[in-house]
Amino acid sequence: MKIFSPAKINLFLQILGKRSDGYHDLITLMCCIGLYDTVSLTFGVKDIAVTCHHPVVPEDDTNLAFGAAHLFFKTLNKNEGVKIIIQKQIPVAAGLGGGSSNAAAVFLGLNRYYGYPFSTEELMSMGLSIGADVPFFIFQRPAIASGIGEKLEAYQNLRNLKILLVFPGFSVSTADVYKKLNLGLTKCEKKLKSFLLNKQRFDPRCHLCNDLEAVTASEYPVIKTIKEALLNHGALGALMTGSGATIFGLFSDSNAASEASHALFRTHKWKMHLTDMITQGTGYKIQDTGYKI
Ligand code: ATP
């Protein structure tokens, strides 16, 4: 079984506060995008094994895809194995949710192979113990997530904008960013108040906001440079996703996005990727939502 496992972006991410268990309560609008890892599952083997030819992705039981398979079999009370091969296209530790997406792909793939023993809600609750973003990837629709990311509400008011991703070339540890976060300095509350109250249509010109951006940008000023360059080359808005360091620019059409990418490559040689949001269904359920099985 071959599963295309999508990346996500956070269109806004507001941190509400720190909880007694160390996690942060947040509210975030997430959407899958057309950048995929490939997760291949081979059945009929005794143990769980993961192969991934990427220098920083573990191949042992700390790989989130391994954790997902282990939990699935344990909950199903089956002593079975699966061979998981991950081909990474999604940059690692870049705020694009690659590891969580791979874990969700394994849950969805195994659930299908074993004849749907678990409901989506059950898979999402298993997913939460692997990572806060895993329930979102299992949910398979643009969503506003709250709590630590586990409370999901579908959000249907997104325009399918074109996306130019810019990778600054370094990875960021999510845990370190949260450690450095000063809740007294966060700014998204004001910007998002009316949007969240009225659930109005998402507008890339005024609702893009990420409370983690200033933390990562204080260490890596290039983030600000990239945002300014995207805005100067026609982006409707630009933002860092998750804890960084990937920056995305939103464009109304692919010509504008492609022109910006050529101009930015000429002047800065940044690594980039042109793609779009996965917002609407096309009638083919799994493909609609990002996971193509
Ligand atoms: P998060 O915000 O959850 O840290 P991210 O999108 O910034 O997510 P990921 O690409 O998911 O980052 O990687 C985070 C860490 O998880 C990496 O340091 C990596 O070693 C580890 N990891 C474990 N399993 C995987 C996987 N299947 N793919 C990518 N990274 C994985």
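Details
- Cα gyration tensor, segment 128-211 - rounded (a/c under 1.5), prolate or oblate: rounded
- Residue order by solvent-accessible surface for Tyr220, Tyr116 is Tyr116, Tyr220, largest first, with ligands and nucleic acids left out and a 1.4 Å probe.
- Estimated from helical segments only, the mean residue ellipticity of the chain at 222 nm is -10000 deg cm²/dmol, where each DSSP H run of four or more residues counts as -39500 (n - 2.57).
- Ranking Ala235, Ser194, Val215 by Cα position along the charge dipole of segment 162-278, where only Lys, Arg, Asp and Glu carry charges on their C-beta atoms, puts Ser194 farthest toward the positive end.
- Cross-link pairs beyond the 19 Å C-alpha cut-off, checked among Lys88/Lys162; Lys179/Lys227; Lys2/Lys88; Lys2/Lys151; Lys2/Lys271; Lys2/Lys83: Lys88/Lys162; Lys179/Lys227; Lys2/Lys151; Lys2/Lys271
- Stretchable slack from Lys83 to Asp25, in nm (0.36 nm times residue separation minus alpha-carbon distance): 17.4 nm
- Extension gain, His268-Gln280: 0.36 nm per intervening residue step, less the Cα-Cα distance, totals 0.9 nm.
- For segment 15-91 versus segment 103-167, the gap between their alpha-carbon centres in whole angstrom: 12 Å
- About its Cα centre, segment 2-155 has a charge dipole of approximately 240 debye under the convention of +1 per Lys or Arg Cβ and -1 per Asp or Glu Cβ, with nothing else charged.
- Other residues whose C-beta falls under 15 angstrom from the C-beta of Leu264 contribute a net charge of +4, scoring Lys and Arg +1 and Asp and Glu -1.
- Sorted from greatest to least, the principal axis extents spanned by the alpha carbons of segment 162-278 come out as 39, 34, 24 Å.
- FRET efficiency for Lys224 and Tyr116, using Cβ-Cβ distance with R0 set to 51 Å, rounded to 0.05: 0.60
- Kirkwood radius, the chain, all distinct C-alpha pairs, inverse of mean reciprocal distance: 19.4 Å.
- In the context of the full set of protein chains, segment 162-278 has a per residue accessible area of 51 Å² (1.4 Å probe).
- Rolling a 1.4 angstrom probe over the chain with all protein chains present gives an accessible area of which 50% lies on carbon and sulfur atoms.
- Rounded to the nearest 20 debye, the dipole magnitude of the chain is 520 debye, with +1 charges on Lys and Arg beta carbons, -1 on Asp and Glu beta carbons, and the Cα centre as origin.
- Cα-based helix-to-principal-axis angle, 254-268 vs the chain, degrees rounded to 10: 80 degrees
- More than 24 Å apart - percent of Cα-Cα pairs taken over segment 2-155: 30 percent
The values are calculated or read from the model by the stated rules, or taken from the named source; none is laboratory data. The structure displayed is predicted, hence computed values, not measured ones. Counting neighbours? That spans all protein chains shown, and the Cβs are built from the backbone with ideal geometry, glycine included. Each accessible area value is taken on the protein alone, full model and side chains, heavy atoms only, with ligands, DNA and RNA left out. Shrake-Rupley method; radii C 1.70, N 1.55, O 1.52, S 1.80 Å.
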